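The values are calculated or read from the model by the stated rules, or taken from the named source; none is laboratory data. Given the structure is predicted, the values throughout are model-derived calculations rather than measurements. Quick reminder, even Gly has a Cβ in these numbers, built from the backbone with ideal geometry, and neighbours come from all protein chains shown.
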Amino acid sequence: MIHAPRVAAVAVAALLTVGLAACSSSSTPEAQSADGDWTPVTIEHALGTTTIESKPDRVATVNWANQEVPLALGVVPVGMAAANFGDDDGDGVLPWVQQKLEDLDAPTPVLFDETDGVDFEAVADTDPDVILAAYSGLTQEDYDQLSEIAPVVAYPDTAWGTPWRDMIEVSSTALGMGDEGRQLITDLDRQIDESVANHPDIAGKSAMFLTHIDTTNLSEVSFYTTHDTRTMFFEDLGMTTPASVAAASAETDKFSLTRSAEQADAFNDVDIIVTYGGDELTNALKADPLLSQMPAVVNNSIVSLPTDGPIGTASNPTPLSISWVLDDYLDRLDQAADQAQ
C-alpha cells in the first residue's frame, strides 16, 4: 500500500538533511568536543530556524502529543503538556502514554497545565536543553518566549497540521536519533498495513470526518479538511478523500470548514461519516430533513466516536496512539463499510 502522507515525510527529511549539512561546516570545535560525535543540528520550521548546538539530555515538550516521539525512542521528557481532553481517569496522562511510561519503568514527567496556554514558568523550571513542539499551535510570541528558555522545534508548516510521520522525523532529528526515528516510521507503517489487510471492506471507501456537532442546531455542520491529520489518516487506512471534501479543502489552509445544512447534497459522494458523539447524534442526523438525505446517513454508515474518551482522541493519529487504537478504529470503520452501498 502507498501512503500519500509519506511524501511529506520525505520532504521534511530532505529539508533536515540540508540543515544538517549546512550547520556541520560551521559547528564549533567546542560543541563537537563537548558532546563527542554530536554535530549541531539546524531545523527550519514555520516560526524560524533552530540550531541545537549540543546533545539534548533534558527534553521538554509542549502542546499536544509531542512527548510521544521521545518516549517511543526511549527518552523520558522532564516535562510535558497534561492531557486536557480524552483523559479517561483525570490524571493528565493518556493511556498509551501511561503504558509507555510503565514499559520504560519511568515516573510521570512534570505535567504542564495548558488550560490557558503554554505555562512558560513551569517549562523553565524543568531546565530543558530542548523544547519539542513539532505538532502544535504555537504562536510567534509563544515561540519567541520559549526560545528564551531553550531551543524550540516548532511545526514545519501548518499549525496543528503536522502528520505523524513528520512529527517523528522532525523530533527524532532534533534528538540526534534520526535513524531510530525512521525505523519507528517503518515499524508503524508495517503495523498499519498488516492491520488494514484484515479489513478489506474499507478499501477505497470515501470518508468524511465531521467535527463536534450541536444536536440542538443542525442548520450548519463542520468538517475537517484534508489539512487535518484525522482526515490524512484515512489514506493510511486505504480509504479515500471524497472529491467534495478535497475541493472544499483546496480553497483554504484551515483544518476545518463549516457549511450550511442546505448544502448537504454536495457530500453525496461520502461513503462513511466519522464524527464524535453517540446515539443521540446519530438519531439527530437521521431526523434532520436535510442531513438525513446524505447517503452515509441513509445507510447508517456512521462511526460515532466517544466525545471525550481516549478512542475518540486517538482518531487523531500520533506515534504512540496508533498502535493503541488501530484495531478498534478499523473494526468500527468496517462496520460502517458494511452498511455502505
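Numbers for the structure displayed
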| quantity | calculated |
| --- | --- |
| Subset of the range 315-340 that is of a type in the set (A, V, I, L, M, F, W, C) and in contact with a Leu (Cβ under 8 Å, 6 or more places away or on another chain) - its residue that is nearest to S195 (Cα to Cα) | L330 |
| Tally, over the range 281-310, of residues that are closer than 30 Å to G92 by Cβ, surrounded by 17 or more Cβ atoms within 10 Å (Cβ to Cβ) and of a type outside the set (G, A, S) | 4 |
| Test: G86 is on the phi > 0 side of the Ramachandran plot, in the same structural domain as V130 (by TED's automatic domain parsing), outside any strand (DSSP E or B) and at pLDDT 95 or above | no |
| Meets criteria (aromatic (F, W, Y) and either part of a helix (DSSP H, G or I) or free of Cβ contacts under 8 Å to residues at least 24 places away in the same chain (or both)) for F223 | no |
| Number of the condition not met by V75 [criteria: (1) surrounded by fewer than 23 Cβ atoms within 10 Å (Cβ to Cβ); (2) farther than 27 Å from T42 by Cα] | (2) |
| Residue match in the range 174-187 (condition: closer than 30 Å to P40 by Cα, within 15 Å of the chain's Cα centre (by Cα) and not basic (K, R)) | yes |
| Flag if I213 is at pLDDT 95 or above and either touching a helix residue (DSSP H, G or I) at 6+ places or on another chain (Cβ under 8 Å) or not small (G, A, S) (or both) | no |
| Residue among A246, A207, A261 that alone is modelled with pLDDT under 95, surrounded by 13 or more Cβ atoms within 10 Å (Cβ to Cβ) and farther than 25 Å from A134 by Cβ | A261 |
| Any hit, the range 122-135, residues being touching a Leu at 6+ places or on another chain (Cβ under 8 Å), farther than 13 Å from V153 by Cβ and crowded, with 23+ Cβ neighbours inside 10 Å | yes |
| Helices (runs of 4 or more DSSP H) (entirely within the range 241-334) containing at least 1 residues that are hydroxyl-bearing (S, T, Y) and more than 15 Å from S222 (Cβ to Cβ) | 279-287, 310-313 |
| Considering residues of the range 62-83 that are over 18 Å from the mean Cα position of the chain (by Cα) and in a loop (DSSP other than H, G, I, E, B) only, the residue farthest from Q145 (Cα to Cα) | G74 |
| Every residue from the range 46-58 that is over 22 Å from G161 (Cα atoms) and in a strand (DSSP E or B) | T51, I52 |
| Which numbered condition T282 fails, given (1) within 30 Å of V69 (Cβ to Cβ); (2) at pLDDT below 95; (3) hydroxyl-bearing (S, T, Y) | (1) |
